[in-house]
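**Q** Sharing a structure with you now.
The values are calculated or read from the model by the stated rules, or taken from the named source; none is laboratory data. All figures in this text were calculated on a predicted structure; none of them were measured in a lab. Virtual Cβ from ideal backbone geometry, glycine too; neighbours counted across all protein chains shown.
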Amino acid sequence: MSNKNISSDITTFTSADLIVHYLNKMGVEFIFGIPGGAIEPLYDALARSTRSGGVRSIVTRHETSAGFAADGYAQQTGKLGVCCATTGPGSTNLITSVSNAYANHIPLLVITAQTALPTFGRGAFQESSDSGVNIVGMFQFCTRYNSLVSHVEQIEHKLITAIMTAMQSPRGPVHLALPYDILRSKVSPSLQHVDINKLLFQNVICDQLSLKELYSYFMAKHKFCFVLGGGCGESVGPIVELAGLLNASIVTTPHGKGIISANHPRYRGVIGFAGHDSARTALNEDNADIVIAIETNLGEWASNGWNQDYLLNKRLVHIDSVAENLTRSPMAKLHVCGNILAIFEQLIEFVTSNKLDIAAQDLPVASGTTPEMACDKFILAPEEQENMFSDAVPIKPQRLMHELNQRFPDSTRFFADTGNSAAWAIHYLQPVDRRSVTRRGVNAGLFRNSVEFSSMGWAIGAAIGAAVGYRDGPIVCITGDGSFMMHGQELSVAVDENLSIIFVILNDGALGMVKHGQRLNNAEPIAFELPVTDFSAIAKAMGADGYIIESPDDMVVLDFQRLLIKPRPVVLDVRIDGEEVPPIGVRMQGLRAYQAA
């Protein structure tokens with residue numbers, strides 16, 4: 001971790017310097033946000049930090065995107081994501097992205113400014129105190145910790161409390177509101193001696209009594225299926241190893257997609273939103289009499305619409321590091337709470353030391369295909385595979401996902417935006433990881449989405465945050481024309497930072513999920529149309545490369561290797577067939593369940 005001193009002159013060491021000092025000690029490299037008058041002291045501290053090689057500012061084009069970028073950075077690096085905004089509308093613009101992080105347990109430190117304390121209640125410009133537009137009150141329900149720093153003596157204690165709350169289970173965003181005069185106040189040089197990294201070290205805790213009960217299921221030689229949620233990235237190696245020892249099949253939730261390579265012989269696809277018949281088959285009682293769900297909140301889109309046949313039944317064993325998630329599965333036969341890596345290392349030790357002889361299951365093998373394509377053959381139905389190889393114009397979204405599978409290296413990180421982008425990518429994009437499945441680390445997953453709060457445009461900002469934290473491979477952002485119209489201005493941040501991000505825009509002239517949702521739900525066809533837009537021209541105007549893709553041939557002739565080595569972003573304006581119906585059945589099922597008869 002970095003331990004840079006941001007100021008050699010202790011007489012000018014301010015509260016803002018103290019914040020930046022602790023971020024440097026944690027190895028945080030960037031703060032995402034937009035400056036303004038009231039938060040200027042923090043940017044002064046960032047200027048001093050930048051000159052000494054410490055944490056620096058990345059200026060986004062909208063505060064919501066600052067939160068999304070901090071989200072992507074946190075997910076990709078495992079570090080604390082940090083975003084900031086000035087008073088009034090700067091702070092309110094952060095609420096959407098902070099809410100998104102709250103729903104997805106992303107650790108963020110959110111710093112907002114307030115006008116100076118003596119101005120509270122006097123109608124100051126953009127006043128955000130409890131006497132004006134109450135920003136602290138607004139953040140109350142979308143943060144794990146939320147406080148106004150009203151005295152300079154509070155700053156270190158509240159900062160440490162916020163950071164520890166954000167980074168320890170259950171993770172999530174935390175908010176500190178800092179008045180202008182507090183940010184500028186000098187702090188004592190006796191501060192800043194707390195070892196924040198030691199405080200963040202988490203003891204390995206496992207529920208030993210529940211583990212012993214789980215051992216008994218192993219001894220009984222049950223048929224197992226593992227369900228991997230989004231929090232399994234750090235522990236995927238031991239999880240997959242145990243699946244092999246138990247001859248278990250593996251499915252993932254939408255959040256867990258990409259954590260295990262799509263060509264792994266035990267992988268059966270996604271259960272839940274935009275999921276696969278192969279995953280549902282693997283979870284049938286005939287194929288699995290014990291279902292082990294790991295690190296998932298089992299919400300609507302992760303549980304196949306709270307389906308009682310596949311997941312939410314007495315066959316379920318729910319293992320999670322977040323006790324809150326276990327409240328979603330009261331019907332489970334067993335709950336195990338604790339550190340996931342430690343739990344699975346103990347389970348492996350038990351199975352191997354007891355030399356359990358568990359009968360092997362027959363695993364489907366796709367004949368006549370390369371390992372990279374084997375996943376398509378048993379995860380996707382034949383009629384689905386047909387569209388993946390269609391030469392039709394405009395290009396089928398299924399074919400587009402197949403081309404993305406084939407044309408990017410195994411180190412690629414994919415980010416799929418809310419809407420049809422997520423549906424097509426979850427179902428048809430099958431990232432193939434050719435590295436060892438025993439790898440560990442928070443960046444193990446190849447695919448990210450945000451299906452809880454589901455903010456449009458999330459993937460655009462998140463891809464930028466991930467790209468500045470991950471320089472070992474390309475980042476691909478799969479988004480829609482509606483989402484890009486909301487947050488596409490962030491492309492200029494990627495240009496400014498020389499980021500090699502490929503933005504793939506599914507351009508169908510519509511809010512696609514709205515359009516198809518209305519059709520499938522027999523609703524009025526209204527308010528989904530978007531104007532014809534040349535996103536490649538917009539890209540070029542911002543300094544990025546832009547290409548229009550209308551057919552499979554356009555994908556074939558495009559030199560992806562050349563695009564990937566360019567130190568700037570690329571926009572692919574893909575004119576997809578908008579009449580293709582995305583795999584959104586789980587969403588429709590949820591809506592229909594509560595319609596009046």
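**Q** I want to confirm something. Restricting to region 365-402 and keeping residues that are among the charged types (D, E, K, R) and at pLDDT 95 or above, which single residue is nearest to SER483 (Cα to Cα)?
**A** Restricting attention to region 365-402, the residues satisfying the condition of being among the charged types (D, E, K, R) are 372, 376-377, 383-384, 386, 391, 396, 399.
When the remaining residues are screened for being at pLDDT 95 or above, the result is 391, 396, 399.
Details: ASP391: 27, LYS396: 20, ARG399: 21 Å.
If we take residues in region 365-402 being among the charged types (D, E, K, R) and at pLDDT 95 or above, then LYS396 is nearest to SER483 (Cα to Cα).
**Q** Something else now. Return yes when SER483 is within 12 Å of the chain's Cα centre (by Cα), surrounded by 24 or more Cβ atoms within 10 Å (Cβ to Cβ) and closer than 21 Å to ASN507 by Cα and no when it is not.
**A** Working: within 12 Å of the chain's Cα centre (by Cα): no; surrounded by 24 or more Cβ atoms within 10 Å (Cβ to Cβ): yes; closer than 21 Å to ASN507 by Cα: yes.
Taking the combined requirement at face value, the residue does not satisfy it.
**Q** All but one of (1) over 27 Å from ASN325 (Cβ atoms); (2) part of a helix (DSSP H, G or I) hold for ALA162, so report the exception by its number.
**A** Unmet condition: (1).
Residues are listed down the side, and each one gets a yes or a no for (1) within 20 Å of CYS83 (Cα to Cα); (2) at pLDDT 95 or above; (3) not hydrophobic (A, V, I, L, M, F, W, C):
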site	(1), (2), (3)
GLU156	yes, no, yes
ALA162	yes, yes, no
GLN168	yes, no, yes
SER190	no, no, yes
VAL194	no, no, no
PHE201	no, no, no
ILE205	no, no, no
GLN208	no, no, yes
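**Q** Return yes when GLY465 is within 12 Å of THR60 (Cβ to Cβ), touching a Ser or Thr at 6+ places or on another chain (Cβ under 6 Å), modelled with pLDDT of 95 or more and in a helix (DSSP H, G or I) and no when it is not.
**A** On the way: within 12 Å of THR60 (Cβ to Cβ): yes; touching a Ser or Thr at 6+ places or on another chain (Cβ under 6 Å): no; modelled with pLDDT of 95 or more: yes; in a helix (DSSP H, G or I): yes.
For GLY465, the condition - within 12 Å of THR60 (Cβ to Cβ), touching a Ser or Thr at 6+ places or on another chain (Cβ under 6 Å), modelled with pLDDT of 95 or more and in a helix (DSSP H, G or I) - is not met.
**Q** Only residues that are exposed (fewer than 15 other Cβ atoms within 10 Å of the Cβ) and part of a helix (DSSP H, G or I): list them for region 118-156, please.
**A** The answer is PRO118, GLY137, GLN140, PHE141, GLU153.
**Q** So for region 275-285 (the condition being closer than 23 Å to ARG171 by Cβ and crowded, with 22+ Cβ neighbours inside 10 Å), does at least one residue qualify?
**A** The answer is no; no qualifying residue exists.
**Q** Given the residues SER65, SER91, SER57, which is the only one that is surrounded by fewer than 24 Cβ atoms within 10 Å (Cβ to Cβ), within 28 Å of PHE415 (Cβ to Cβ) and at pLDDT 95 or above?
**A** The match here is SER57.
**Q** If you don't mind, there's one more thing I want to ask. Does GLY509 satisfy the criteria of being crowded, with 17+ Cβ neighbours inside 10 Å, under 19 Å from SER455 (Cα atoms), in contact (Cβ under 8 Å) with a residue 40 or more places away in the chain and not assigned by TED's automatic domain parsing to the domain that holds PRO254? Break it down stepwise before answering.
**A** On the way: crowded, with 17+ Cβ neighbours inside 10 Å: yes; under 19 Å from SER455 (Cα atoms): no; in contact (Cβ under 8 Å) with a residue 40 or more places away in the chain: yes; not assigned by TED's automatic domain parsing to the domain that holds PRO254: yes.
Judged against the criteria, GLY509 is not a match.
**Q** Return yes or no: is GLU497 within 22 Å of HIS62 (Cβ to Cβ) and surrounded by 16 or more Cβ atoms within 10 Å (Cβ to Cβ)?
**A** yes
**Q** Failed condition for SER483, given (1) modelled with pLDDT under 95; (2) assigned to a helix (DSSP H, G or I), with all others met?
**A** Unmet for SER483, out of (1) modelled with pLDDT under 95; (2) assigned to a helix (DSSP H, G or I): (1).
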